[in-house]
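Comments concern the structure below.
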Amino acid sequence: MQNTRISTIVSVVSGQIYRWSRQSWRRSSLILISLLMGFFLASVISTSTGAKSNLDIVAAGVTVLIVEVISRFIYSAKRVTLADGSLAPRPLIQELLNSLKIGVIYGLFLEAFKLGS
């Protein structure tokens, strides 16, 4: 690949974000923000499809498809084993996607409980 300005900018910015997120508090805060964004996204999905009421089945199918694709991406990746026998932490993007998925599922369960009562 050619070394263009945009590829240089993308590689420098991604390296800076990687170095910035190596600290455990920053990583944990990003994961928590992703979890809360998933919860918010579930609220948006249920509210917007509930208003139209003809998109419920399509939105449910798309949501299940996206959740399953994320699960396949997360859990099919090989984990690196460290020298002491423990597993290395997953890359940040995988952790963020997994917490977003968990937030969406949790939010949809809570919406279902609200509708059931």
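The values are calculated or read from the model by the stated rules, or taken from the named source; none is laboratory data. Predicted, not measured: the structure shown is a model, and the values here were computed from it. Cβ placement follows ideal geometry from the backbone for every residue including glycine, while neighbour counts extend to all protein chains displayed.
Observations, loosely collected:
- Of the criteria (1) among the basic types (Lys, Arg); (2) over 30 Å from Glu111 (Cβ atoms); (3) surrounded by 12 or more Cβ atoms within 10 Å (Cβ to Cβ), which one Lys78 fails: (3)
- Test for Gly61: is it surrounded by fewer than 16 Cβ atoms within 10 Å (Cβ to Cβ) and at pLDDT below 90: no
- Against the test of being more than 18 Å from Phe109 (Cα to Cα), surrounded by 11 or more Cβ atoms within 10 Å (Cβ to Cβ) and out of contact with any Gly (no Cβ under 9 Å at 6 or more places or on another chain), the options Ser71, Ser7 yield a single qualifying residue, Ser7.
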